[in-house]
Number of protein chains: 4
Amino acid sequence: MNPSFRGIIPPIVTPLRSRDELDQAGLERLIEHILAGGVHGLFVLGTTGEAPGLSYRLRRELIERTCRQVQGRVPVLVGITDTAFVEAVHLADFAAKAGAQALVLAPPYYFPNSQPELLEYVQQLAPELPLPLFLYNMPTHTKTIFEVETVRRAMEIPNIVGLKDSSANMVYFHRLIGLLPARPDWSLLIGPEELLAESVLLGGHGGVCGGANLQPRLYVDLYDACVTGQLDRARELHAQVMRISDTLYHVGRHGSAFLKAIKCSLHEIGVCDDFMAEPFHRFREEERARVRKALAELGIAALA
Amino acid sequence: MNPSFRGIIPPIVTPLRSRDELDQAGLERLIEHILAGGVHGLFVLGTTGEAPGLSYRLRRELIERTCRQVQGRVPVLVGITDTAFVEAVHLADFAAKAGAQALVLAPPYYFPNSQPELLEYVQQLAPELPLPLFLYNMPTHTKTIFEVETVRRAMEIPNIVGLKDSSANMVYFHRLIGLLPARPDWSLLIGPEELLAESVLLGGHGGVCGGANLQPRLYVDLYDACVTGQLDRARELHAQVMRISDTLYHVGRHGSAFLKAIKCSLHEIGVCDDFMAEPFHRFREEERARVRKALAELGIAALA
Amino acid sequence: MNPSFRGIIPPIVTPLRSRDELDQAGLERLIEHILAGGVHGLFVLGTTGEAPGLSYRLRRELIERTCRQVQGRVPVLVGITDTAFVEAVHLADFAAKAGAQALVLAPPYYFPNSQPELLEYVQQLAPELPLPLFLYNMPTHTKTIFEVETVRRAMEIPNIVGLKDSSANMVYFHRLIGLLPARPDWSLLIGPEELLAESVLLGGHGGVCGGANLQPRLYVDLYDACVTGQLDRARELHAQVMRISDTLYHVGRHGSAFLKAIKCSLHEIGVCDDFMAEPFHRFREEERARVRKALAELGIAALA
Amino acid sequence: MNPSFRGIIPPIVTPLRSRDELDQAGLERLIEHILAGGVHGLFVLGTTGEAPGLSYRLRRELIERTCRQVQGRVPVLVGITDTAFVEAVHLADFAAKAGAQALVLAPPYYFPNSQPELLEYVQQLAPELPLPLFLYNMPTHTKTIFEVETVRRAMEIPNIVGLKDSSANMVYFHRLIGLLPARPDWSLLIGPEELLAESVLLGGHGGVCGGANLQPRLYVDLYDACVTGQLDRARELHAQVMRISDTLYHVGRHGSAFLKAIKCSLHEIGVCDDFMAEPFHRFREEERARVRKALAELGIAALA
């Protein structure tokens, strides 16, 4: 009864050629680049994947191509977050047929939900889904948090198997860890990679690290060091993670700086196109130059 | 060069039988009930219409049936707000073919946008749309405000013809009025009906009043009193609007109280079903009893 | 049983020579300048008066000099907002002895209070005060709002005689107007001068307008036009108020832009020094030049 | 050049008999109780000490009595946070004369400051202070955060020697750790005790743990385990800290629940009175019973 999902499960970016066209070759290279780093799963259609900005047609194409490319080497998790219940179910059904292993769901994010409404929503949706479900706590984008008591109640639903917490609130995360004895099969995953070390050192099961699109091995190594209690090595690798965060993720000025920097870096090292869906736009030349400089300083080289 | 859109343009609720099924007869009764009140337009697929919670199939059915029922008696405005650019364009094209007169767009609402990103988004989207466009300022739900300077720049785009402001920030609204000399054809409409009187008294062009689903004539009369400068009558009708707000809209406890109360009231007076799309749920019996009591006190009677 | 406090009651700036030294001559000129505009009262030690940034010694000196200068020509209201109950009572006692007519109190503003705590606080404090008390709703600075139900309960306390609302939320203000029948002696005053017209047109009793430090007559005239229902004149004067707001109050970049612009303008027209208590700093030369330009465009001339 | 301040420095509660009267005997017992736990310093007049709610007279009495009781056994840090620059300097001077070792300063908390204003404020204040200064990051109560770049600039000021971070934002805390090479004498202390383990494991210097009023030894042991890299023991003690947080600190409903629970518990185990300064009120009997139950379950016994 250990958690089935643990380790590093990167939220992959969505390589695009234009607004409604996948960069197919880039997607294949990206998947192989990440898998070569020893990751434990892949998460498509998350925040880092710009899911809400993509057409439903493109979302389905992405699911299909990803599952086909991965071929079962690691589990594929698919984001089905949607403001419309019906559309979330449609996408879940599609993902199951395409061969995905699990689903990920943040609260419906237009209306500010109350906790009773949110709990009822999850209670009604989960039974209609063909795959195990992760909750996704992402209050900066959805406005609504999964409060601790709501998570406790959601643990009573059998096919909910874990939670990904991107709140960056470690007090909250530790309180969730306190709920785990009721569901030893549950996985608690952390969103912000800057918090991977402490979350795993103190009882979390892994991370959904955006930076693992770029440097998958670094996050896998950090996870391993934390799981095996190698504190000095964990501190050293955590410091590397912080250097990436302090330089690369602060190139841009807006809330989307992180996303743009990851995609720009992937383009610079030859993995995939860095086109972004609206409302975003890839970095202009000034920021690209700063990204190149940061990559050089960080020792992140182009693919061979 | 006067604004083409002015007066009371109710954001109609979406009558539902179940999660993905329209209450077709209810929709027809609702439209006739509202039009009988002398309103100047209809707005479908807004916040009051629970648009983000509906499947795309149902959104299209609603647009089609509404346009067919209205038959050009008043303009129909269609909400196309979407996190995905491509889906917003698809819905806009559908609305144009169905016979709608204008579109309404809030910022894409998952990612917190910066103002340059938001402006660029509008600059790229507007030219792809087949109909005149209203911007929709709704920061509690979209996180992003259309700042005054962004609106000033958006006024340079010819097929943007107005803005609906639901921020409830009258300082902001007055600053927008100050921009109107540059586009005398623009319409500034107010969202919260509690602010209809002052916005029209001081230069606004009308309101998108949710309460007009229920009492269309009241809001039309208040608009007329303000436009014609009948201050005493305006105060009296404004006080009636406040009584509805103070009683009916405070029956429920959550952020969705307003929506639930309107839909419940419409059911009580025999207009349409009050099923609600997730994450909401219609009022339970306790709240229904309080709605009935409020309707009786307000003198709002069942349809003949 | 009409409200005793109505009309324009400017929140006067605190003229300073240095961190802990009043500009005494400037204070006298400022008071005479404002009284010459026909205002109905003066409010010292409000937000515009930088009260929280002043030493208690200087606050007392300011109260004393203001009361002495005014000599009963209009009522003097004194802000006693404090995080410490005991210090608020001390200042209230001092104000009463100095000859003030009323006190003004925002919630204690370090800890985020709950509504029951806030109500209890007011219930315990009011009986200890030697003068009538205004509540002061200022959520951007105090974090805590006086919710409508809390105000309703506070109305049961005899020596609370009104509320000044600086929330800029007119829906809230209209709801407070709905409470007035229970206390016909109460005064509802609006903070933001951009909302003076509508608040008085629809039932409010006046405004605590920061701009009346500079142009007292304009706000008195606008108040009179609204009270007497001269709608065209009200619109014209309201437009002047908006022009001041749109130009002068947007010279600086930070939240304190309004304060700095008022003080800088008063210096430019020869009324008083524009030194500011920490954490603020008067405008540098670049902003001063823009203030001078705005004053010229607005036709605001130096004192004769 | 190691940090002079490290380890557990509890923010002591202020034992009160009534609104403006210290519980002197309780204060002595509290100090001895805490020192017996092996702590590395004491912090008076922090948030946990209800500083902003106390009269200045009482603040001075508390400083004097604390320094006299401690007699140099550990350093005493004194909070001087104030909205008025002049009052902060006065209190700092008093603290130095009374024998305190350092000062603690959060941003002035009425006006929302900008970062340039905040930096300038610190640059002007620090040189006027007679003792080393800690910055105190506490955005929920002061609205203004010390942004990373502002901290970097503040590090250039010699008598600023550290920062206490109560933001509960560990990404921010890790970024501050990245600044330490420039000032190896600086101390980074964490506020929320739920984050003590990870902050010390990954480079922080200690914690200002409110719970150490009650159980000082627990936090000292956890700090020691983290400093010496005893990971299993750290996990076990961290779990105890979380159990206290999950039970005791969630007895009350409001934002002040933590404070009230600590004070109530200290009363229950015979340390000091639990009177609270306005706007708070000690727990009523219902909550007291729940506190007693929690203390029993946690094995926290009355003083011998």
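The values are calculated or read from the model by the stated rules, or taken from the named source; none is laboratory data. It should be emphasised that the depicted structure is a prediction, and the values quoted were computed from it without experimental measurement. Note that we place each Cβ from the backbone using ideal geometry, even for glycine, and neighbour counts take in every protein chain shown. Just so you know, the surface numbers come from the protein's heavy atoms only, side chains and all, with ligands and any DNA or RNA stripped out. Shrake-Rupley method; radii C 1.70, N 1.55, O 1.52, S 1.80 Å.
What to note about this one:
- Residue check for C:A88: open to solvent by less than 40 Å² (accessible area, probe 1.4 Å), farther than 17 Å from C:C209 by Cα and of a type in the set (G, A, S): yes
- Residues that are more than 24 Å from C:A257 (Cβ to Cβ) and free of Cβ contacts under 8 Å to residues at least 12 places away in the same chain within the range D:91-126 comprise just one, D:K97.
- B:R19 of a type in the set (K, R), within 12 Å of chain A (Cβ to nearest Cβ) and over 20 Å from B:V208 (Cβ atoms): yes
- Test: residue in the range A:89-101 that is facing chain B (nearest Cβ under 8 Å) and either modelled with pLDDT under 95 or in contact with a strand residue (DSSP E or B) (Cβ under 9 Å, 6 or more places away or on another chain) (or both): no
- Within the range B:158-183, the set of residues being over 26 Å from C:Y249 (Cα atoms) and open to solvent by 20 Å² or more (accessible area, probe 1.4 Å) comprises B:P158, B:N159, B:V161.
- Checked across the range B:137-156, the condition of being farther than 28 Å from B:A257 by Cβ and in a strand (DSSP E or B) holds for no residue.
- Meets criteria (closer than 15 Å to D:T48 by Cβ, open to solvent by less than 10 Å² (accessible area, probe 1.4 Å) and not β-branched (V, I, T)) for D:Y249: no
- Lone qualifier among A:T48, A:T81 - being under 18 Å from B:T83 (Cα atoms), out of contact with any Phe, Trp or Tyr (no Cβ under 6 Å at 6 or more places or on another chain), open to solvent by 20 Å² or more (accessible area, probe 1.4 Å) and of a type in the set (V, I, T): A:T81
- Of residues in the range D:252-271 being among the hydrophobic types (A, V, I, L, M, F, W, C) and within 13 Å of chain C (Cβ to nearest Cβ), the one most open to solvent (accessible area, probe 1.4 Å): D:F258
- Test for C:V76: is it within 13 Å of the chain's Cα centre (by Cα), free of Cβ contacts under 8 Å to residues at least 40 places away in the same chain and either within 13 Å of chain D (Cβ to nearest Cβ) or open to solvent by less than 10 Å² (accessible area, probe 1.4 Å) (or both): yes
- The set of residues from the range A:123-143 being more than 17 Å from the chain's Cα centre (by Cα) and within 9 Å of chain B (Cβ to nearest Cβ) comprises A:Q124, A:L125, A:K143.
- On the stretch given as the range C:272-290, residues that are more than 14 Å from every other protein chain (Cβ to nearest Cβ), in a loop (DSSP other than H, G, I, E, B) and either surrounded by fewer than 22 Cβ atoms within 10 Å (Cβ to Cβ) or polar (S, T, N, Q) (or both) total 1.
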